[in-house]
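First the structure, in the form of structure tokens, and then the observations on it.
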Amino acid sequence: MPIWMRRLLIAAGGVLGAIGVGTAAMASHGEDVRNLTAISAMALAHAPVLLLLALAGRGRVITIAGLVLAGGCGVFVADLAMRQWLSSSLFPGAAPIGGGALILGWVGIALSAASKNLVHD
């Protein structure tokens with residue numbers, strides 16, 4: 001995996017981790033927190049995976065899966081944030097597109113098990 005992709009995944013993992021902790025804190029102090037708890041759960045579930053893929057992942061399939069996962073999570077979380085604070089979606093169909101990308105990313109990770117270059121030795 002090229003260094004710029006590793007850096008991108010590490011940055012995405014760090015940003016998602018911060019978003020996850022921040023929205024968890026906001027959700028504990030507010031009302032109508034359904035979107036905040038969903039943002040927190042999605043961000044905190046995917047941030048460590050992106051870090052792991054950046055630090056240990058190897059091969060084209062797992063690299064693409066990580067980028068798709070990062071993009072899908074970003075779109076999904078951004079759509080929920082827009083709904084929470086601006087009462088509108090990021091763009092029409094953003095949540096299903098982001099969610100679909102998340103599913104594809106996880107399937108890509110599963111498929112990468114067949115790769116010879118799965119992780120660093």
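Any read-out appearing in this document is the output of simple, stated calculations on the displayed coordinates, not a laboratory observation. A quick note: this is a predicted structure, and the numbers were derived from the prediction, not measured. Methodologically, a virtual Cβ is constructed for each residue, glycine included, from the backbone with ideal geometry; neighbour enumeration extends over all protein chains shown.
Here are the numbers for this structure:
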{"quantity": "Segment 3-112: proportion of alpha-carbon pairs further apart than 17 angstrom, %", "calculated": "52"}
{"quantity": "Net charge of Cβ neighbours under 12 Å - reference S112; Lys, Arg +1; Asp, Glu -1", "calculated": "+3"}
{"quantity": "Check: segment 7-121 dipole with +1 on Lys, Arg Cβ and -1 on Asp, Glu Cβ, in debye", "calculated": "380"}
{"quantity": "Relative contact order computed over the chain (Cα-Cα under 8 Å; 6+ residues apart), in percent", "calculated": "28"}
{"quantity": "Separation in nanometres of the label points that stand 7 Å from Cα toward Cβ, at A114 and L44", "calculated": "3.6"}
{"quantity": "Label-reachable residues, segment 4-37, where backbone N falls under 16 Å from a point 7 Å from A81's Cα toward its Cβ", "calculated": "11-27, 35-37"}
{"quantity": "Using θ = phi - 60° and Karplus 6.51 cos²θ - 1.76 cosθ + 1.60, couplings along segment 18-27 (whole Hz; Gly, Pro as x)", "calculated": "5, 4, x, 5, x, 6, 5, 5, 4, 5"}
{"quantity": "Residue-averaged [θ]222 nm for the chain, counting only DSSP H segments that reach four residues, each worth -39500 (n - 2.57)", "calculated": "-27000 deg cm²/dmol"}
{"quantity": "Whether segment 4-69 is rounded, prolate or oblate, judged on the alpha carbon gyration tensor where a/c under 1.5 counts as rounded", "calculated": "prolate"}
